[in-house]
Structures are given as structure tokens and as C-alpha cells.
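To start, the structure under review is shown below, and the notes come after it.
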Amino acid sequence: MSVPFSQIFGQKNAIDWLLRAYSTGRLPHGLIFAGPTGVGKATVAAAMGKLFLCHDPEGNKPCNKCESCQIFEAGNHPDFHVITRELIRYHDKTGKSKGIDLSIQVIRPELIEPAARKPNLNHGKVFVVEQAETMNPPAQNALLKTLEEPAALTLIILLTDQLGALLPTIRSRCQTVTFAALDVALVRDELHKRGIESALAEDASRLARGSLGVALNWLHDGVITWSRELIAQMDQILAGSPPDDLPGWLKRAADDYADKQLERDELASRDQLTREGMVLYFTLAADYLRDRLKSIESPDELENTCRLIDQLAQAESYLESNVNVALVLQNLAASMTPEAREISK
Ligand SMILES: [Zn+2]
């Protein structure tokens, strides 16, 4: 299944550029789609893939009639390869790889080898690498030759939200297409159009900072509802009366986040997802406080808000360096009591 270019939301510049390159026969073999998560990179890559593989395109549109278009819509086109780091589970039966990096064990059998073979339908091949920034250096280096001398009619699209994590040698062999964050008001209106009630659409578009995909996921996963409570608790802390059980609350919020992600991918690691959930709520709290800084006038309140942002950043860095979750939360809560605030002054 794919969404036609004309129905893709908010990425006119990127699409115009791609279609111009395509129609003038100057589409590079290697493309990098760079931009925030959830703004349409994968959707555009699929639309591009369908067009590229179509046997009988009508100008800039796939015909929707040929064998390729029909198989594409059925969702199992043998020449359209989507590569994710989760594929490691099929290539490493020992289960030792955690799938945090996108390794050569995945890139070789899923991309490098099939790229060198004849296409199944005899009409080109498309490879889309999701979260390309997670390719470790050996995987990126292994890909260089394929990018340098691709077989005829091969299109490789790397999707990333961290362009800087790709090696300069990869970047120089690809054309980068930039995907901008969407306008918050546009995302809000689109959510509203999809039946989300106004206040929720407003909060979701603001918290997801111009990403429709992220906003939809967070609405589905309950992140927006949890975030509203989180923001209320940040206000309470700044008013000098911290909530009774912030660690317990954060633990419940992060557990719920992990549950929702496990529904999508039951083989993922619960511990890793819980940490991810906690980092997400720390980030959302810090984002909220940073926005709030803009309208604060009292020096005391300014100082308190900055301190709270620092404490959240500290907790996040402990989590990322694998400190025990319970300990991180206890520390955070302890640093937020009025007594601790007096001492640190
Ligand atoms: Zn077609």
C-alpha cells in the first residue's frame, strides 16, 4: 500500500525536487532523506519506489495497472526492500545481537547482495534503509561500493533524522533531500480533520513539534494524556509543592509506554523500552519548561526553572549511561524536594 504523492502532507519542496529529477532522468542512485521523525520520509520513499518500479509510468505518476504497481499495492513487491535494524533477528539466530546498531550482518544480505542481483521483475530495485543513522561504521563502509557503482536501475534511499551520524563518504555519494518539520498549526488541523477533538489535537501537535507521525503515535499510545499530567506536576514543583510520588508516576508512565511499543513489536526489549519511555517524558518535561522560560519574569522562578531543566538533563544522562532506573528516579525526586532546593542555593 502506498499513498500517492498528491496526498502526502506538507512536503511539497522535497516531492517537487524528486519528481523534477525523476522526469528529467537525473534521479541519483543514492538518496538521503533527512529530517525529523514522522514528517513523511518513509511515505515519500514508498511513493518514489512505486513510481521507480512502475513498468509504464504516466509522466510523474505510476500507472496503477502494470504487474509492478499491482504487486506494490499488495504490499509484497520483491524488488522493493525496506531494511530495518530489527531484521537482525532473522540473520543472527544466536540472539546475541541486541539490534541497537544496524549492522553489516543485516546490510550485506538485505542490501549489498540483492543489489548486485538481477531484479525479480526485471525492472529495477529499490532499497529503503530506515534509521540509517544506526548503521555502524563497518555497515556504512560496506555500503560504499554499492553506492559508488550501483547496478543499473537501482535506487537506494537512506532515511535519517541525524544526518551528521552518516559518514562523510556516504553523504558525498548520495544526494540529500531535506524534509522539514511541519507547521504545528497544519498538524493540528490535520489531526482535527482525522477526528481528534480540538484540545487534544492542539496538545498533540504542540508536543510533537510539527511531526504528524509522532503526534498520531503519541495519541494512540496515550503519551499525550500522560504528558498533560506531567506538565501539571512540573507546575506543582515550580509552585513549591512537589507531587507526592513523582518516581512512581514516571515508572508507571514509562511502563505504559513500553507496553504500547511491545504491542507493535513483541520481540523488543522491555528494559530498553522502559528507559526509552522515561527519556521521552524527561525530554517532554524539559521542552515544556524551556517554553515556559520565555514568559518568566521573576528571577527566583527563572532560577528554579533552570535548575529543574538541569536535573532532568542529569537524570537523562544517568539513564543513558545505564544507571539503575530506580536509583535515577530516587535521585531525581530527592533533588526536587524544597529542602534540597534550599541546600543547593
Ligand atoms: Zn505501473
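What follows draws every value from the coordinates through simple rules; no lab data is involved. Since the model is a prediction, treat every value here as computed from it, not as a measurement. Every residue, glycine as well, gets a Cβ built from its backbone with ideal geometry; the counts of neighbours run over all protein chains shown.
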### Message
Of Leu280, Pro109, Ala268, which is farthest towards the positive pole of the chain's charge dipole, taken about the Cα centre with +1 and -1 on the beta-carbons of Lys, Arg and Asp, Glu respectively?
### Response
Pro109
### Task
Please list, in chain and number order, the residues 5+ apart from Phe33 or on another chain whose amide H is under 5 Å from its amide H, with Hs placed from the backbone.
Leu158, Leu159, Thr160, Val177
### Task
List the equivalent ellipsoid semi-axes of the chain in whole Å, largest first, each obtained as the square root of 5λ for an eigenvalue λ of the Cα gyration tensor.
42, 23, 18
### Query
Regarding region 26-148, what is the average projected area of its C-alpha convex hull, in nm²?
8.5 nm²
## Note on the structure
A chain fully extended from Cys306 to Glu197 at 0.36 nm per residue, minus the present Cα-Cα distance, gains in nm 35.9 nm
### Query
Taking the Cβ-Cβ separation of Ser295 and Glu263 as r and a Förster radius of 30 Å, what is the calculated FRET efficiency to the nearest 0.05?
0.20
### Cβ-Cβ FRET estimate between Asp244 and Asn76, R0 fixed at 41 Å, reported to 0.05
0.20
### Message
Report, in listed order, any pair from Lys12/Lys118; Lys260/Lys294; Lys41/Lys118; Lys125/Lys193 with a Cα-Cα distance greater than 31 Å.
### Response
Lys12/Lys118; Lys260/Lys294; Lys125/Lys193
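Give the percent of DSSP beta bridges with both residues in the chain that are antiparallel, rounded to the nearest 5.
Details: 1 of 20 bridges.
Bridges in the chain are about 5 percent antiparallel.
What is the extension gain from Lys93 to Thr283, computed as 0.36 nm multiplied by their sequence separation minus the C-alpha to C-alpha distance, in nm to one decimal?
Details: separation 190, 0.36 × 190 = 68.40 nm, distance 3.51 nm.
Taking Lys93 through Thr283 to full extension adds about 64.9 nm, to one decimal.
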### Query
Using all Cα-Cα distances in region 222-344, what percent lands in each 10 angstrom bin from 0 up to the longest?
13, 45, 31, 9, 2
### Message
Limiting things to C-alpha atoms, what are the Rg and the maximum Cα-Cα separation (Dmax) for region 97-142, in angstroms?
### Response
11.8, 36
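Using the beta-carbon distance between Arg252 and Ser321 and R0 = 25 Å, what value does 1/(1 + (r/R0)^6) give for FRET efficiency, to the nearest 0.05?
On the way: r = 24 Å, r/R0 = 0.94.
Efficiency, from the Cβ-Cβ distance: 0.60.
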### Task
Report the one residue of Cys174, His123, Ile156 whose Cα lies farthest in the direction of the positive end of the charge dipole of region 113-196 (charges on C-beta: Lys and Arg +1, Asp and Glu -1; origin at the Cα centre).
His123
